[in-house]
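See structure below.
The values are calculated or read from the model by the stated rules, or taken from the named source; none is laboratory data. Quick caveat, the model's predicted, so the values are computed rather than measured. All Cβ positions, glycine included, derive from the backbone under ideal geometry; neighbour counts span all protein chains shown.
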C-alpha cells in the first residue's frame, strides 16, 4: 500500500504544473451526506496543490444529480453503470469510472434464527432502494439457485435506510437489505451481517469484485480534458489511501461519518477501505456483463432498458501515456 501511495504521488509530482489561473475546474455533484464527501475532504486536507479546481455542488438526492448531469449543470456525479448503459441507449454519451466495490448488506438481529437465504421465507424483509434495487434483484436470483422464488415467499417492505434500521431495532422487521454504511452502523450495535453485496455476487458464480458505483461524466468531457480526468482520479486514489493508512487523516473526517462511538467509526473505516478498487479491467467488465444479464432478466428490462448487453463506451478507461 505504501508503494502504491508513493507511485501515485510521484505521478502527480512529475505532471506539468499549471498556473493557478490555468487550472481547469471540475463541477462535481455529490449528495450532501454521501460517503464520497469523505475522500473529497481528504483530498482537500492532504493534497495541498492539486492541478485542478473542484466546484462541489451539493445535491438533495441521486435523482437530482442525474438531472443535473443530463442538463449540463455539473460535469460529474456518482451513479451506477447500469444507469450509464441505459442512458447511452437513450443517446446520452455518459461513461463510468469506478468509485467503490462496497455495496449493500443483508442484516439481521443478534438473536435471529435467520442464517441463510432460505430462512427468509415467510419473513418481513426491509429493502432500501425500492423494488428495482440491484441488491434485492440479485438476492432473488441467488434464491432461485436453490429452487425458491423469494419475492413470492416473504413480505418486502421498501423504505429509506434510516427508517429500515429503526424498524429492525424495534423488531418490526426480520431482516433488512440496506446500504453498506448503514449496515456497518448496525453491526456496531451487535446486529449480524448475513450477506454482503459481494457475497451475493460471488454466490452467483462471479468471482471478480465488481464496483456498482462510480464517477459518471460525459465522454466528450473526458475527451476534451483527458489529463485532468486522469489526475483527478489519481489524486482521489491517493486521498483514499491516506484515509485507510493514516490514522490522523481518518480522524479529520470522522465528523462526516456521523459515528457516535469508536467501534462504529472503526467499522465504517474497515468497510470503506474494503471497497477500494484494486483491479478494473477486462475481467471485471466481463463480470459486470454477467450481472447485467441477470438484472435484465429479473427486472424485465425495466432497470437495464432493451439492450442485450452493456452498451459500448459505458466503462471509461484511461488512455495509455
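Quick grid of which residues meet (1) outside the structural domain of residue 38 (by TED's automatic domain parsing); (2) crowded, with 20+ Cβ neighbours inside 10 Å; (3) touching a residue at least 12 places away in the same chain (Cβ under 8 Å); (4) under 28 Å from residue 140 (Cβ atoms):
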site: 230; (1), (2), (3), (4): no, no, yes, no
site: 238; (1), (2), (3), (4): no, yes, yes, no
site: 250; (1), (2), (3), (4): no, yes, yes, no
site: 257; (1), (2), (3), (4): no, yes, yes, no
site: 263; (1), (2), (3), (4): no, no, yes, no
site: 291; (1), (2), (3), (4): no, yes, yes, yes
site: 306; (1), (2), (3), (4): yes, no, yes, yes
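With respect to residue 130, is the statement that it is under 30 Å from residue 313 (Cα atoms) and under 15 Å from the mean Cα position of the chain (by Cα) true? First the steps, then the outcome.
Details: under 30 Å from residue 313 (Cα atoms): yes; under 15 Å from the mean Cα position of the chain (by Cα): no.
Considered against the rule, which asks whether it is under 30 Å from residue 313 (Cα atoms) and under 15 Å from the mean Cα position of the chain (by Cα), residue 130 comes out as no.
Kindly check whether there is at least one residue in the stretch 135-148 that is closer than 23 Å to residue 265 by Cβ, in a helix (DSSP H, G or I) and either outside the structural domain of residue 97 (by TED's automatic domain parsing) or touching a helix residue (DSSP H, G or I) at 6+ places or on another chain (Cβ under 6 Å) (or both). Please lay out each step first, then the result.
Filtering the stretch 135-148 for residues closer than 23 Å to residue 265 by Cβ gives none.
For the stretch 135-148, residues closer than 23 Å to residue 265 by Cβ, in a helix (DSSP H, G or I) and either outside the structural domain of residue 97 (by TED's automatic domain parsing) or touching a helix residue (DSSP H, G or I) at 6+ places or on another chain (Cβ under 6 Å) (or both): absent.
Take the stretch 163-180 and flag every residue that is crowded, with 21+ Cβ neighbours inside 10 Å and part of a helix (DSSP H, G or I).
Once the filter is applied, which keeps residues that are crowded, with 21+ Cβ neighbours inside 10 Å and part of a helix (DSSP H, G or I), the stretch 163-180 yields 164, 165, 168, 180.
Condition first: within 12 Å of residue 94 (Cβ to Cβ) and surrounded by fewer than 18 Cβ atoms within 10 Å (Cβ to Cβ). Now tell me which residues in the stretch 56-70 satisfy that.
Passing the criteria: only 70.
Among the residues that make up the stretch 237-259, is at least one of them closer than 30 Å to residue 144 by Cα and part of a loop (DSSP other than H, G, I, E, B)? Steps first, please.
Taking the stretch 237-259 first, the residues closer than 30 Å to residue 144 by Cα are none.
Scanning the stretch 237-259, I find no residue that is closer than 30 Å to residue 144 by Cα and part of a loop (DSSP other than H, G, I, E, B), so the answer is no.
Going through 217, 315 one at a time, which residue ends up being buried (at least 19 other Cβ atoms within 10 Å of the Cβ), under 17 Å from the mean Cα position of the chain (by Cα) and closer than 30 Å to residue 142 by Cβ?
Numbers: 217 fails: closer than 30 Å to residue 142 by Cβ.
Testing whether each residue is buried (at least 19 other Cβ atoms within 10 Å of the Cβ), under 17 Å from the mean Cα position of the chain (by Cα) and closer than 30 Å to residue 142 by Cβ leaves just 315.
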